[in-house]
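Okay, so here's the structure we're looking at.
The values are calculated or read from the model by the stated rules, or taken from the named source; none is laboratory data. All values reported here derive from a predicted model rather than from experimental measurement. All Cβ positions, even for glycine, are placed from backbone atoms using ideal geometry, and neighbour counts span all protein chains on display.
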Amino acid sequence: MGFNVKKLKFDKDGLIPAIIQDTHTHEVLMVAWMNREAVEKTLTTGETWFWSRSRRKLWHKGETSGHVQQVDEVYHDCDADTLLIRINQVGAACHEGYRTCFHYRIDPVGGGVAVVGELAFDPDRVYGPGAVKDVPTVPKQSRKRVLTEEEFQTTCGVLEMLYSLIQDRKEKRPAGTYTTYLFDKGLDKILKKVGEETTEVIVGAKNNQRQEVIHEVADLFYHVLVLLAEKNVHLDDVLRELQSRRK
């Protein structure tokens, strides 16, 4: 039996706030509003839907950017008037191009504001020039290089999306997919494939075959991501480890 949305307490405008949290890192990515239809579509489609108070319309997160939120768990609080939704974020959550909407840090003493984190994509390229308005000016040293949408898709962004797909395969086990086959066979099979692909990379490099190296490294990346998912290690954990080594 499905959850009865009528149990939730919507406000006088028929809305309920939803806190969106990364299911792996527990980072709060955004807060948005849902009406009853948005809640129902979120529960039935497995991706987040919200109600835009400014546009007065329903919207699917990622409908323009492709940075969808895959729902993992949904909670309501003890008063049933607030939702907590844990998700796997594809790409970035914030329409300003950052992973989280909470990237403005206020100095509690001086009252100044600093931007934290790195831009994952250029919002002008995704939503059109000037579509994102009223963005506070921040010092140049606070900003990192902006990745275009194409760059995002061909850098860590594509690894993030691939990892999310692998996780989805692990949970749902759709018949006929190679990823399902690997998870069904278990850790030993996955480790065997990682070893085989590592050997293929070495052979390609020794033979000075550039295209072969590219192909085999891509295969190795995929199988390593399967291994991470099998061991419940998130891609973000590895990226943070790499980031920490820059020091």
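From the list Leu220, Leu227, Leu187, exactly one residue is touching a residue at least 24 places away in the same chain (Cβ under 8 Å), of a type in the set (A, V, I, L, M, F, W, C) and surrounded by fewer than 13 Cβ atoms within 10 Å (Cβ to Cβ). Which is it? Let's see the steps before the verdict.
Numbers: Leu220 fails: surrounded by fewer than 13 Cβ atoms within 10 Å (Cβ to Cβ); Leu227 fails: surrounded by fewer than 13 Cβ atoms within 10 Å (Cβ to Cβ).
Step by step, each of Leu220, Leu227, Leu187 is checked, and only Leu187 is touching a residue at least 24 places away in the same chain (Cβ under 8 Å), of a type in the set (A, V, I, L, M, F, W, C) and surrounded by fewer than 13 Cβ atoms within 10 Å (Cβ to Cβ).
Which ones in the stretch 230-246 are crowded, with 17+ Cβ neighbours inside 10 Å and at pLDDT 90 or above?
Glu230
Would you kindly identify the strands (runs of 3 or more DSSP E) lying entirely within the stretch 1-120 that contain at least 1 residues that are free of Cβ contacts under 8 Å to residues at least 40 places away in the same chain and either in contact with a Leu (Cβ under 7 Å, 6 or more places away or on another chain) or not polar (S, T, N, Q) (or both)?
Working: elements: 16-22, 28-34, 49-52, 57-60, 69-76, 83-89, 104-106, 113-115.
Per the criteria, 28-34, 49-52, 57-60, 69-76, 104-106, 113-115.
Table: residues versus (1) out of contact with any Asp or Glu (no Cβ under 7 Å at 6 or more places or on another chain); (2) outside the structural domain of Val233 (by TED's automatic domain parsing); (3) modelled with pLDDT of 95 or more.
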position	(1), (2), (3)
Ala18	yes, yes, yes
Thr23	no, yes, no
His26	yes, yes, no
Met30	yes, yes, yes
Trp33	yes, yes, yes
Glu37	yes, yes, yes
Thr42	yes, yes, yes
Thr48	yes, yes, yes
Arg53	yes, yes, no
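Of all residues in the stretch 15-66, which are basic (Lys, Arg) and at positive phi? First the steps, then the outcome.
Pass one, the stretch 15-66, residues basic (Lys, Arg): 36, 41, 53, 55-57, 61.
If the condition is that a residue be basic (Lys, Arg) and at positive phi, then Arg56 is the only one that fits.
With respect to the numbered conditions (1) surrounded by 16 or more Cβ atoms within 10 Å (Cβ to Cβ); (2) aliphatic (A, V, I, L, M); (3) under 17 Å from His95 (Cα atoms), which one is the sole condition not fulfilled by Leu58?
For Leu58, the failing item is (1).
Take Leu84 and tell me if it is at pLDDT 95 or above, in the same structural domain as Leu15 (by TED's automatic domain parsing) and touching a Lys or Arg at 6+ places or on another chain (Cβ under 9 Å). Write out each step before concluding.
Values: at pLDDT 95 or above: yes; in the same structural domain as Leu15 (by TED's automatic domain parsing): yes; touching a Lys or Arg at 6+ places or on another chain (Cβ under 9 Å): no.
The answer is no for Leu84.
State whether the residues of the stretch 130-140 include one that is on the phi < 0 side of the Ramachandran plot, in a helix (DSSP H, G or I) and modelled with pLDDT under 90. Outline the logic, then answer.
Let us first name the residues in the stretch 130-140 that are on the phi < 0 side of the Ramachandran plot, namely 131-133, 135-140.
When the remaining residues are screened for being in a helix (DSSP H, G or I), the result is 140.
Now restrict to residues that are modelled with pLDDT under 90: 140.
Checked the stretch 130-140: at least one residue is on the phi < 0 side of the Ramachandran plot, in a helix (DSSP H, G or I) and modelled with pLDDT under 90.
Provide a single number: the residues in the stretch 170-191 that are in a helix (DSSP H, G or I) and of a type in the set (S, T, N, Q). Working first, answer last.
Narrowing the stretch 170-191 to residues in a helix (DSSP H, G or I): 170-172, 178-185, 187-191.
Remaining after also requiring of a type in the set (S, T, N, Q): 179-180.
Summing the residues that are in a helix (DSSP H, G or I) and of a type in the set (S, T, N, Q) in the stretch 170-191 gives 2.
Scanning the stretch 16-29 for residues that are over 12 Å from the mean Cα position of the chain (by Cα) and surrounded by 18 or more Cβ atoms within 10 Å (Cβ to Cβ), which turns out farthest from Val233 (Cα to Cα)?
Ile16
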